[in-house]
Structure formats: structure tokens, C-alpha cells
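Down below is the structure, laid out as C-alpha cells.
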Amino acid sequence: MGVTGDQIAAACDKVPGGGYILARLDDVLNWARESSQWPVTFGLACCAIEMMATGAAHYDQDRLGIIYRATPRQADLMIVSGTVTKKMAPVLRRLYEQMPEPKYVIAMGNCASGGGPYYYDSYNTVRGVDLVVPVDIYISGCPPRPEQLLDALIALGQSYKKEHALKLARG
Amino acid sequence: MTTFAQLTHDQRAHLTGSEEAGGVWCLTTDPRKVRALLEGLRPAFDYPEDLTCIDTGGELRVFCRLWSTAQRQAVHVSLTIPRSRGHLPTASDLWRGYEWQEREVFDLFGVQFDGHPDLRRILTWEGFPGHPLLKDFVVDNDDSSWEIPEQTDQEIIDLLSRE
Amino acid sequence: MPLRDFRIPEFDAPEVQLPTGELAHETTIVSMGPQHPSTHGVLRLMLKLDGESVLQVVPVIGYLHRGTEKIAEKRSYAMIVPYTDRLDYISSMYMNLGYVRAVEGLLGIEAPPRARVIRTILGELQRIASHLVWLGTFGLDLGAWTAFIYCFRERELILDLFEQICGARLTYNAIRIGGIVADLPAGWEDGLRAYLTAQEQGLRDYEGLLTGNPVFRARIEGIGVISAADALNWGLSGPSLRGSGSTFDLRKDDPYECYGEVDFHVATADSGDCLGRYEVRIQEMHESLSIIRQLLPRLQEPGEVQTKVPRVLKPPAGEFYAHVEAPRGIFGVYVVSDGSANPVRVRFRSPSFANLSALNTMCAGMKLADVVAILGSIDIVLGEVDR
Ligand code: SF4
């Protein structure tokens, strides 16, 4: 019986008490990665409050296995939630470099995506975090609604499926 | 209970103008007299509400607002200084709250406060080119770099290493 | 059967050699932030430590300095309102209010009575929402996870009410020059009543979780004491000042909108420590609920919510200073006009900036772990510290 990545969880339920399941290692690893995305706790500005709201009672992102880690060394995802200033940019870059591979970046909100309301006439903002770190997903909105953030996180999880986790681990 | 008439009478030597507008007492003075004026205001006006600067194009106007919690009265003190190399005596020893406010005015407008205990840049970083809130500081809207000079912590470490 | 006799074997502990000479008074410099879970954003603290004791704290700010005041010089008066939302993004309504009042003062106009009632209600709702975020994160800083979840539960109810008025959850742009964006939607009052009931239960819940909790109290009692005289001298305001016993509150001392017409008392505490500031905020939430209840009947009176203002605002040359009691303290806005469509200068006096400047004084003689508690208790928002 062939089991593809999507069906692993269901297959495990069907085999109580153990047994063997044959699956591609990539599928298993990607399934594990998808269901435990750990972003680094890193709030920059207003959007961070919506990020907090996503983590709290009403939107409850814990149910998707998304748990904030306070240190970049244990995180595999960075949600850049807010305006990046020139003073902050080197710090952000360093944080990104401290995260272990494979790592992903979500630019949350207009500011992080492209400068947002601070694009014109501001002497201290970086016009988009993609000038500092590579970005995987952009979310528009000022601030984006928590539903949008959840959508982005789920989309990112789906995109893992196309990757070869083993190759990524080898670097 | 001080009244406007009494205050302007007591402080007349340190004033160059005074008016009462909308319940606020507005006093104008000049850089040499401001210190004596503020010392005179200190006992009655115990709350340092605001301190800032306005670039009117020709010169800089430094503006400070004090509040009396007992009398529920605000007083505005303002004076003008030349645009470049403006000097003022500090008020941070009278009201500690002005310590950071003066740093901010120094950072954004380049006004020097003589006698300030720790006059460093506060919002921008050490080595930032120019003073951004001056009218002749032009923002490059097409600038899409984030390349900035190396920021060091040396100033802070020096400060902390002082006894 | 007798319990086995555990005899501790004789044991000569080697004498611990305490460092002497140079090493005994060696100090360490620690950098905390800008990415730190309990600095509430992008604050950085440089700490000078002697072991665990804090000798000096130097806050390093500016990591969120977006140049709002410079941008404001290039915008028309109405276009600045959305930027004020993003100063103190936890209490955007109040930032709107402060700025709008300054422009109204410059123009010499006033909002119609119905708009003033609604503004006051929105302001108090915002105060509760802001204190809820504070309470949740303050608990989080001290290791109490549960309160955070509870606080955000009720905060969502307030955000729903705001959303019905202006469509946004966080950055409202709801209070406009000369009034508010639109009249209340149908059924809003019923929603408000339902919320008030839920919030009263909510307040009991949080207090049950935190106020009597011995672990929580041990972390905040007697920590970060500042006297009322010192607090005034440092320019502290809001709950951080009233926690030291001062009754300075602009809602009473310089009433605006409808605060002169409602009956409430200014919450204070005498201890001046983190517990005092905590108690003040909890009491303030109760007071806010009572203010809203008093204003509820006045929502029945119909009326305009917006005075006529010209499409392009050109206030006469002059200046105006308006200040309001925002959830974190005195938010002052100073607008200077030269008669053209753009202001010459807009200055925002931010309460958190002043409150943060006194951090070193409050931390004198405290331990490293207390710094987190003190920082949490003064409730800063970096958007407004850095502007
Ligand atoms: S996108 Fe809007 S809400 Fe988000 S950080 Fe920027 S200004 Fe704030």
C-alpha cells in the first residue's frame, strides 16, 4: 500500500499499537516540519500586535503547531512584523544569520513588504525588508488581519512539500 | 497662587515679551536670560511637559512647556537662536525630565545644551549625517539602500565604564 | 517499622574562595535587546551589573524611529491622522484624539455634542483595550501565561466594536478633524452593553488569577520604587505617576470632551512600586467601565457627528498645544501653522518617552530579573517612544 505525505497522519491512526509504514523520508520530514513551524518572537511595530493577537485566544495559532521561540537558534521562521528602520536593519540581518537552515521569512504588512506608509519622506526607514533578508511570503495590509497571517503560515507549510528536506539538511 | 500679572512682574528682567492666550501664559526670552527665567519658574511649575524646537526657515525657535500641578496652569517659554551652532544652557538639572528631551532636540536639530550631563544622539545613531528635522535636510525618496555606517556601542560602553 | 536512619556522612566542604582584590568588584556590561521577549518591541537596554545587582541602566532607543514628525511636514492636516494611529499602536484612538484636538484648536472649531460623547466612549474603550494588552504582557513577562489569553479574549470584543465603526482592528483613523468618521451603526449600543457585562466578569477573572497570586506579588511588591516628587521631576505621567500617589490626571485637571460632565475618581496608589502601578491600572479599568455606563443614556440623543470643515484645511498662522490623558500618560501635540495647507511643525510629546527616561532611577539597587518587571510596569510602546 502506498502512502503519500498527506496520508501519513491518517495511516498512523489506522495502525494502533505499531506496525510498519513505508513512506518517503522526505514526506515524513516535510510533514513534521509543516506541523511544527516555530517562528522567532520578534515584534517590530504595530503589526506585531496583530501577530500577538493571532497567537492569543481568539485565533489560537498553537493549534497549527506554531509556537514562538524567543531565540533565533531554535526558530525556523521569522515573521518580520513591522517597519524596519536603518538602525534596526543590521540587527535584523544578524538575527537572520543566527537562525539554522532551512529558514524562511514572512514579510508581514506593508511596511515590511515595501515601506508602506513610511515609503515617502522618511529618512530612517528601509523600504522593504527584502533589501536586508530574502523573503518567502509577503502579506499586504496595514496591519494585515490575523486571518491573513494564518493563511500565509499555512501556505508556507504547504510549500515545504515541494522541497527535499534531506537535501536541505545536507546544505 | 501666582497670577499672570504677578509672574510677569517678578520675572520682567528676564522676559522680552509676554502674553496670555487661551488660558496659557506665553513668555518669550532670549538665550542669555532663559536660565534665570527657568530658575524663577521652577518652584511653581513642577512638571516638565514638553521641550522641542521649530525650524521656521530663518532661525530656530526653542519651545518649552511647563505645567503647574497645584495651579493647573501651563506656561510656554520660547526663544530664538541662530540656525547653526546654537547654544543654550541646559535645564536638565532643574527638571530631570528634560534630560532626554534635550538630547532629542540636539539629535534632530543640532542645538547644543551647555552643561548637559550626557548629550548624545538618542533617536538616530552615532555618526548619523546631519540633523534630520532641519528644513534643509532633504530626504531622498528614491533611496532604496539600507547600507548604513557601522554602529558601535563605544559611546555607551564609555558611559557605563565611567565611575 | 522505624524509618531508615539516613545519616549524612561527615563531609569536609572545601572552603569557597570568594574572589578578592580586582575580581571582587568587577562589573559586567550586558546588552539586552533589541530582540528580547520582554522589551516589548525593539528597545535595547545596556546594563552595568555587579553580579546580579544592577548598577546602571542605559536604554538605547530609536530602533523604530520612523521620522513621523518629518513626514508630517509634507502632509496635509487630514493626512496626518493615519500617521498618529501608528505612534502608539496599542491606543490608536487616543493618538487620533490628541492630534485632532490640536488641529481643532488651531481652527477654532469644536466637535458637535454627539461626537464628543462618542469620542469619550471610544477613548475609554481604548483605555481598557490598552490596559488589557499591558496586563497580558506584564503577566507574560513574569511567567503568568494564562492571564494573557484571558485579556486578549476580552480585547477582541472591544476590537469588534471598533471594527463596526471604522472597519479596522488596530489603526482606526476614526476620529476626524471636526468630529468622527461616521455615526454609530445600528445595534452598536447593544453590542456595547453585552461587552460591558462580559468585561466585568473578565476583570474578576484576571484579578483572581493575578492580584492575590503570591508568586506574582513577590515579583512586584517593593520593586522599582519611585517617589511622587521624583516622578513629577522626571516627567512621568499616567498610571506610572499615579502609582506613586500623585493625582495628576488631565481628565480631571484639564477636562476635555465629556470628562467634565461625568463622575469618576482618579485611581492612585501610594506605594510607588510595580504593585502600585498595577493596582492603578486595574482600578482605572473599573473607572472606565463606569464612565461608559454613565454616558450610555446620552447615546440616545440624535445629532450631527461632524461639523463642516473645508475640504482643504488651511488654518490661520499660529500655533496650538493640545494634550490628552492617553492610557500611558500625557500625550501632547503641538502644531505650528503658517497659513498654508501643510503644517510647519507637528510635535508629538509621547508619554512613554518620558516614562522610560526614569528607568535608571527606578532600577537603582534592583536585581537583573526585576528590570523586566519594572519595564513591564511602566508600560512603554516603542512606536511612540521613537515616533
Ligand atoms: S504595515 Fe502598517 S500596521 Fe504594519 S507596521 Fe507598518 S504602519 Fe504599522
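The values are calculated or read from the model by the stated rules, or taken from the named source; none is laboratory data. No experiment lies behind these values; they were computed from the predicted model shown. Reconstructed Cβ throughout: ideal geometry from the backbone, glycine too, with neighbour counts over all protein chains shown. What goes into the accessible areas is simple: the full protein's heavy atoms, side chains included, and nothing from ligands, DNA or RNA. Shrake-Rupley method; radii C 1.70, N 1.55, O 1.52, S 1.80 Å.
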- Query: On average, how many beta carbons from a partner chain sit within 10 Å of the beta carbon of a residue in C:147-158?
  - Reply: 3
- Message: Quick check: the angle from helix C:113-141's long axis to the longest principal axis of chain C, C-alpha only, nearest 10 degrees?
- Response: 20 degrees
- Task: With viscosity set to 0.890 mPa s and temperature to 25 °C, compute the Stokes-Einstein D of the range C:165-277, Rh being the Kirkwood radius across alpha carbon pairs; µm²/s, no decimals.
- Result: 140 µm²/s
- Please give the solvent-accessible surface of C:Thr146 in Å², to the nearest 10, using a probe radius of 1.4 Å with every protein chain present. 70 Å²
- Can you tell me the accessible area per residue over the range C:68-386, all protein chains present, probe 1.4 angstrom, in square angstrom? 30 Å²
- Query: Short version: what are the Cα gyration tensor semi-axes of the protein assembly as shown, square root of 5 times each eigenvalue, largest first, in whole Å?
  - Reply: 44, 32, 28
- Item | Kirkwood-Stokes translational diffusion coefficient of the range B:43-125, alpha-carbon pairs, 37 °C, 0.692 mPa s, µm²/s | 249 µm²/s
- Query: If you take the charge dipole of chain C about its Cα centre, with +1 on Lys and Arg Cβ and -1 on Asp and Glu Cβ, which of C:Gly212, C:Val42, C:Gly245 is farthest toward its positive end?
  - Reply: C:Val42
- Tally the DSSP beta bridges in the protein assembly as shown and give the antiparallel ones as a percent, rounded to 5. 75 percent
- Note on the structure: Bridge orientation stat for the range B:5-163 from DSSP, antiparallel percent rounded to 5, came to 75 percent
- Message: Taking the 0 to 90 degree range and rounding to the nearest ten, how far is the long axis of helix A:46-55 tilted relative to the main principal axis of chain A, both from C-alpha atoms?
- Response: 20 degrees
- Heavy-atom accessible surface of chain B: percent carbon and sulfur, 1.4 Å: 49 percent
- Task: For C:Lys70, go through the lysines and keep the ones whose alpha-carbon is under 24 Å away, minus same-chain ones fewer than eight residues off.
- Result: A:Lys86, A:Lys87, B:Lys135, C:Lys314
- Can you tell me the dipole magnitude for the protein assembly as shown around its Cα centre, using point charges on the Cβ only (Lys, Arg +1; Asp, Glu -1), in Debye to the nearest 20? 1140 debye
- Note on the structure: Probe 1.4 Å, all chains present, heavy atoms only: C:Met95 accessible area in Å², nearest 10, is 0 Å²
- Cα-based Rg/(2.2 N^0.38 Å) for chain A, rounded to two decimals, is 1.15
- Note on the structure: C:Lys314 and C:Glu200 label points (each 7 Å along its Cα→Cβ direction) are spaced in nm at 5.4 nm
- Query: Given R₀ = 41 Å, FRET efficiency for C:Asp253-C:Glu163 by Cβ-Cβ distance, to 0.05?
  - Reply: 0.80
- Spatially proximal lysines relative to A:Lys161 (Cα-Cα < 30 Å; intrachain offsets below 8 disregarded): A:Lys14, A:Lys103
- Roughly how many Å is it from the Cα centre of the range C:157-204 to that of the range B:1-59, as a whole number? 42 Å
- Query: Over the C-alpha atoms of chain B, what are the Rg and the largest Cα-to-Cα span, Dmax, in Å?
  - Reply: 18.0, 57
- Cα-based Rg of the range C:259-387 normalised by 2.2 N^0.38 Å, two decimals: 1.42
- Points 7 angstrom from Cα along the Cβ direction at A:Ala10 and A:Ser36: gap in nanometres? 2.4 nm
- Note on the structure: Of every hundred units of 1.4 Å-probe accessible area on the range C:68-386, the number belonging to carbon and sulfur atoms, as a percent, is 54 percent
- Task: For C:Glu110 and C:His265, compute 0.36 nm times the residue count separating them, minus their Cα-Cα distance, and round to one decimal in nm.
- Result: 53.2 nm
- Using just the C-alpha positions of chain C as equal point scatterers, what log10 of I(q)/I(0) does the Debye formula give at each q in 0.08, 0.13, 0.15 1/Å? -0.45, -1.07, -1.37
